[in-house]
């Protein structure tokens with residue numbers, strides 16, 4: 001069979017290819033092809049762009065290109081107070097905004113040395129676990145949709161809808177919650193919200209099992225994932241994997257257990273771990289984690305004591321709005337905190353939580369001013385996308401869709 | 001021996017010339033060293049069988065604006081064996097704005113160093129693929145440097161021609 005040589009490629013096309021700085025074309029394309037996948041592609045979970053080098057349908061090279069959703073949050077954080085940044089954390093991993101809120105305030109509290117009342121800690125645990133369930137449900141649903149099983153998406157979104165209803169009762173917002181505050185949470189958890197959370201976790205197991213029955217016995221689903229996108233334990237660690245993706249490769253590592261924060265040392269839960277490291281294992285880990293999170297929420301609802309929901313530190317914790325309008329002292333403190341911010345001591349801290357996608361960390365540098373001198377967001381999706389070339393090499397194009405779905409990136413977080 | 005003492009002792013024994021400086025804030029253990037030693041120190045911490053810092057969580061930099069050594073490159077590494085997080089720091093001056101890459105030690109630092117380069121303009125020597133990651137390739141500024149205005153620079157991102 002005749003192959004196209006360098007001379008056969010139209011000089012204009014060759015020049016265009018060589019001009020594109022994102023791809024490096026050392027040699028002329030023989031029977032290879034460059035395919036641009038995304039940023040507008042239903043399977044890239046947002047605006048991820050992949051440049052693929054193909055031989056027929058086999059991927060021989062892949063260059064991920066991120067930054068299409070870069071909003072400069074780290075720069076913005078340097079120019080606003082610690083309180084003002086809370087709503088922005090909602091927009092990072094927009095599938096589980098509550099977990100981001102928790103991560104941010106924990107980092108600020110570590111920097112400022114604020115101790116939070118126990119009830120507020122349990123409320124934070126509950127919302128973080130609900131966020132994890134919501135995130136994993138979306139991950140499983142959209143993952144199944146990517147490989148051709150549409151029904152599961154509708155069923156998992158139906159379950160997620162109930163979580164959004166709980167958040168709606170809790171803080172009045174369904175999607176971008178901004179529910180946590182430095183030193184506590186915005187308002188106490190209402191009895192209806194807690195009752196609904198209990199009802200939700202009780203009915204979740206049955207509904208999740210229903211979804212799993214659709215997938216686990218589905219031959220198309222299994223065969224499209226089994227043995228695809230394998231990453232070994234050593235590679236996964238070297239690539240900085242955390243969260244469900246790392247646990248699917250056989251490393252039993254969970255920050256809730258390794259460096260306990262909030263009250264995670266008081267609850268009992270298992271860390272689901274699989275050793276295969278392929279797409280199927282990553283799906284199994286997520287499904288099992290949903291059950292473990294439901295278990296944690298059940299314990300949290302039992303253990304949650306009555307009491308304060310905000311630390312009693314008027315200089316750094318915002319007072320309740322009712323008090324601001326009725327008491328002079330609170331009005332002054334509110335004015336000072338809103339206008340000048342809290343002034344944590346000079347220093348730098350890094351605090352990471354087990355977010356729903358992996359380790360979500362904030363690195364904060366304070367110069368003793370009302371706004372951070374530096375804020376770095378350590379987002380798990382960014383790190384996971386980096387390993388895509390390793391995962392997709394030698395696979396088919398249709399496998400890429402499954403692999404992206406299985407590592408579950410969210411571009412709001414990857415691009416910051 | 002306590003882990004922090006063990007780490008400091010081991011580093012002192014193996015790298016006597018690295019200008020090591022240990023500090024602690026909010027229970028986080030910081031090690032500062034001369035930037036020339038970044039690669040051997042990272043390699044040592046990863047491969048030492050008593051420490052095993054297998055996970056590199058984060059690489060970033062801090063711009064101190066008017067300080068003599070303007071930038072500090074910060075690494076957060078984690079040992080799964082001890083469940084312990086260590087912070088490594090190395091100062092980089094603006095006149096010699098470069099430091100060795102550690103992407104041969106942890107693959108994950110490849111993109112994180114690219115991000116640091118993109119945002120601060122710190123070059124990473126021997127990096128396999130040092131390109132901008134968030135900003136377009138032809139962008140001339142480094143957005144997270146303190147002199148870059150919050151509103152951006154008009155005209156710095158050319159629009160496509162009609």
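The values are calculated or read from the model by the stated rules, or taken from the named source; none is laboratory data. Keep in mind it's a predicted model, so treat the numbers as computed, not measured. Quick reminder, even Gly has a Cβ in these numbers, built from the backbone with ideal geometry, and neighbours come from all protein chains shown.
Brief remarks follow.
- Per the listing B:36, B:32, the residue uniquely closer than 22 Å to residue B:105 by Cα, modelled with pLDDT of 85 or more and within 13 Å of chain A (Cβ to nearest Cβ) is B:32.
- Reported count of residues in segment B:54-72, each being without any contact (Cβ under 8 Å) to a residue 60 or more places away in the chain and either at the interface with chain A (Cβ under 10 Å from one of its Cβ atoms) or not in a loop (DSSP other than H, G, I, E, B) (or both), is 11.
- Top-ranked residue in segment A:237-252 [being surrounded by fewer than 24 Cβ atoms within 10 Å (Cβ to Cβ) and within 14 Å of residue A:285 (Cβ to Cβ); ranked as farthest from the other protein chains (Cβ to nearest Cβ)]: A:250
- Residue A:412 being under 19 Å from the mean Cα position of the chain (by Cα), closer than 26 Å to residue A:132 by Cβ and either surrounded by fewer than 24 Cβ atoms within 10 Å (Cβ to Cβ) or at pLDDT 90 or above (or both): yes
- Just one of the listed residues (A:169, A:123) is assigned to a helix (DSSP H, G or I) and touching a strand residue (DSSP E or B) at 6+ places or on another chain (Cβ under 7 Å), namely A:123.
- Residue B:51 meets the stated requirement of being in contact with a helix residue (DSSP H, G or I) (Cβ under 6 Å, 6 or more places away or on another chain) and either in contact (Cβ under 8 Å) with a residue 24 or more places away in the chain or in a helix (DSSP H, G or I) (or both).
- Check on residue A:189, more than 30 Å from residue B:85 (Cβ to Cβ) and either surrounded by fewer than 21 Cβ atoms within 10 Å (Cβ to Cβ) or out of contact with any helix residue (DSSP H, G or I) (no Cβ under 9 Å at 6 or more places or on another chain) (or both): no
- Check on residue B:75, more than 10 Å from chain A (Cβ to nearest Cβ), touching a strand residue (DSSP E or B) at 6+ places or on another chain (Cβ under 7 Å), part of a helix (DSSP H, G or I) and under 23 Å from residue A:361 (Cα atoms): no
Here's the yes/no breakdown for (1) within 18 Å of residue A:124 (Cβ to Cβ); (2) without any contact (Cβ under 8 Å) to a residue 24 or more places away in the chain; (3) within 14 Å of chain B (Cβ to nearest Cβ):
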site: A:305; (1), (2), (3): yes, no, no
site: A:324; (1), (2), (3): no, yes, no
site: A:327; (1), (2), (3): no, yes, no
site: A:331; (1), (2), (3): no, yes, no
site: A:341; (1), (2), (3): no, no, no
site: A:352; (1), (2), (3): yes, no, yes
site: A:356; (1), (2), (3): yes, no, no
site: A:370; (1), (2), (3): no, no, no
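- Extreme residue, nearest to the other protein chains (Cβ to nearest Cβ), among residues of segment B:39-48 that are in contact (Cβ under 8 Å) with a residue 12 or more places away in the chain and surrounded by fewer than 21 Cβ atoms within 10 Å (Cβ to Cβ): B:46
- Checking each residue in segment B:84-112 for being free of Cβ contacts under 8 Å to residues at least 60 places away in the same chain, more than 11 Å from every other protein chain (Cβ to nearest Cβ) and not in a strand (DSSP E or B) picks out B:93, B:94, B:95, B:96, B:97.
- No other residue among B:80, B:51 is modelled with pLDDT under 85 and either within 14 Å of another protein chain (Cβ to nearest Cβ) or closer than 20 Å to residue A:255 by Cβ (or both) apart from B:51.
- For segment B:140-161, the set of residues classified as touching a helix residue (DSSP H, G or I) at 6+ places or on another chain (Cβ under 9 Å) and in contact (Cβ under 8 Å) with a residue 24 or more places away in the chain consists of B:142, B:143, B:144, B:145, listed by residue number.
- Residues that are touching a residue at least 12 places away in the same chain (Cβ under 8 Å) and part of a helix (DSSP H, G or I) are absent from segment A:172-191 altogether.
- Of residues in segment A:55-64 being assigned to a strand (DSSP E or B) and surrounded by fewer than 18 Cβ atoms within 10 Å (Cβ to Cβ), the one nearest to the other protein chains (Cβ to nearest Cβ): A:63
- Residue match in segment A:201-217 (condition: over 20 Å from residue A:289 (Cα atoms) and assigned to a helix (DSSP H, G or I)): no
- If the condition is being more than 9 Å from chain B (Cβ to nearest Cβ) and assigned to a loop (DSSP other than H, G, I, E, B), then segment A:69-82 contributes A:69, A:71, A:80, A:81, A:82.
- Residue that is more than 24 Å from the chain's Cα centre (by Cα) and more than 14 Å from chain B (Cβ to nearest Cβ), where the choices are A:212, A:192: A:192
- Check on residue A:138, within 15 Å of the chain's Cα centre (by Cα), away from chain B (no Cβ under 14 Å) and surrounded by fewer than 24 Cβ atoms within 10 Å (Cβ to Cβ): yes
- Of the residues making up segment A:96-116, those that are surrounded by fewer than 23 Cβ atoms within 10 Å (Cβ to Cβ) and over 11 Å from residue A:364 (Cβ atoms) are A:113, A:114, A:115.
- The lone criterion from (1) farther than 26 Å from residue A:77 by Cα; (2) outside any strand (DSSP E or B); (3) more than 13 Å from the chain's Cα centre (by Cα) left unmet by residue B:22 is number (2).
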